[in-house]
Protein chains: 2
Amino acid sequence: MEFAEKTLRQEYKFRGKIMCARVDDVELPNGNPAYREVCEHVGGVGVLPIDKDGNVILVRQFRYPFREVIYEIPAGKMDHGPEDAADCGLRELKEETGYTAGKLIPLGCMYPSPGFLTEITYLYAALDLTAGESAPDEDEFVERVVLPFTELERMIEADEVRDGKTITAAFRARLKGLV
Amino acid sequence: MEFAEKTLRQEYKFRGKIMCARVDDVELPNGNPAYREVCEHVGGVGVLPIDKDGNVILVRQFRYPFREVIYEIPAGKMDHGPEDAADCGLRELKEETGYTAGKLIPLGCMYPSPGFLTEITYLYAALDLTAGESAPDEDEFVERVVLPFTELERMIEADEVRDGKTITAAFRARLKGLV
């Protein structure tokens, strides 16, 4: 492959439950040696639920790395073993918002930070929604928020929504004419 | 703060040049203990250059975590010390594409993966462009690509562009009427 870098040596510096830190020695296309830090991550799924009135369902939750409560689409890590991304998305949608979906439309993938992170986020739009009781586990604190898609767009433009997967799902839903 | 988690203990497992791996013990809002893995990252800047004809300038480069050549906006890490994000953006734009910009318009921030990663990506649109020679350093392999904004939208919709910062910058430029 053009520009490809050859791995000479890999060393794991930390192996956690959701991420691993790795340092690699590589050979560049020009033959020079280089050093790469890589964060391996289990990957995740995000679901943009759109109801028949053109509202979207988001969740507000405290995100520890930023010590902030932020808006995001319902999402989860693929940490229950090798499960199908769509199944994971439907499970997280139900747990976090109580909604079930009659139809799931793929919205492609997002690479959050391709320079150093292996994480891939699989995205879907969820349609034909039925509301129900949410069932977060005891230690999960999420609040469901229903708002018009146009309001989500306003919040993205105003830098009030900053989450990469939420913005990517909203843009692709717009481009595909789902809203 | 509502939902806030209290840090009881932090331990660094790896300290690298661009990232650190940390594990924390926290106390949840309900008093229960929990464990958090956090990846600290130096942060970065991405710049969407838009010329007077409505074309955008992207770069193609090999991204080691995926072993793929992908399309992205010009971008860089804030790894030269505490520099201003706008200065970092202009420097990376020049190095990777050769363009200089007469005007930089803030496009807010993006959180690539707020569940575990502290990285923040600062985004700008670059206007009033002047083309010039790119000056990547010897070990940087990037290829400049000029294409209509509508083609970038097509590629985002078709899942051919997957980079979170590129999609976020494009959506905000569209919402702000810059294209």
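The values are calculated or read from the model by the stated rules, or taken from the named source; none is laboratory data. On a predicted model such as this, the values are computed, not experimentally measured, just so you know. Every residue, glycine as well, gets a Cβ built from its backbone with ideal geometry; the counts of neighbours run over all protein chains shown. Ligands, DNA and RNA are stripped out before the accessible areas are found, and what is left, the full protein with its side chains, is counted by its heavy atoms. Shrake-Rupley method; radii C 1.70, N 1.55, O 1.52, S 1.80 Å.
Here are the numbers for this structure:
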read-out: Qualifying residue in segment A:50-64 (condition: free of Cβ contacts under 8 Å to residues at least 24 places away in the same chain, open to solvent by less than 40 Å² (accessible area, probe 1.4 Å), part of a loop (DSSP other than H, G, I, E, B) and not polar (S, T, N, Q)); value: yes
read-out: Candidate set: segment B:27-57, residues that are more than 7 Å from chain A (Cβ to nearest Cβ) and of a type in the set (A, V, I, L, M, F, W, C); chosen: the one farthest from B:Met155 (Cα to Cα); value: B:Val42
read-out: Options B:Glu119, B:Glu143, B:Glu83: the member that is part of a strand (DSSP E or B) and not polar (S, T, N, Q); value: B:Glu143
read-out: Which numbered condition A:Asp24 misses (of (1) of a type in the set (Asp, Glu); (2) within 18 Å of B:Glu40 (Cβ to Cβ); (3) more than 7 Å from chain B (Cβ to nearest Cβ)); value: (2)
read-out: Among (1) assigned to a strand (DSSP E or B); (2) more than 22 Å from B:Asp163 (Cα to Cα); (3) not β-branched (Val, Ile, Thr), the one test that A:Lys17 misses; value: (1)
read-out: Those residues of segment B:21-49 which are aliphatic (A, V, I, L, M) and assigned to a loop (DSSP other than H, G, I, E, B), in sequence order; value: B:Leu28, B:Val42
read-out: Failed condition for B:Ala21, given (1) small (Gly, Ala, Ser); (2) at pLDDT 95 or above; (3) out of contact with any Cys (no Cβ under 9 Å at 6 or more places or on another chain); value: (3)
read-out: Residues that are within 13 Å of A:Gly108 (Cβ to Cβ), open to solvent by 10 Å² or more (accessible area, probe 1.4 Å) and under 19 Å from the mean Cα position of the chain (by Cα), drawn from segment B:156-178; value: B:Asp159, B:Glu160, B:Arg162
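Here is a yes/no grid of residues against (1) in contact (Cβ under 8 Å) with a residue 24 or more places away in the chain; (2) under 24 Å from B:Met78 (Cβ atoms); (3) over 17 Å from the mean Cα position of the chain (by Cα):
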position: A:Val38; (1), (2), (3): yes, yes, yes
position: A:Arg67; (1), (2), (3): no, yes, yes
position: A:Pro74; (1), (2), (3): yes, no, no
position: A:Leu117; (1), (2), (3): yes, yes, no
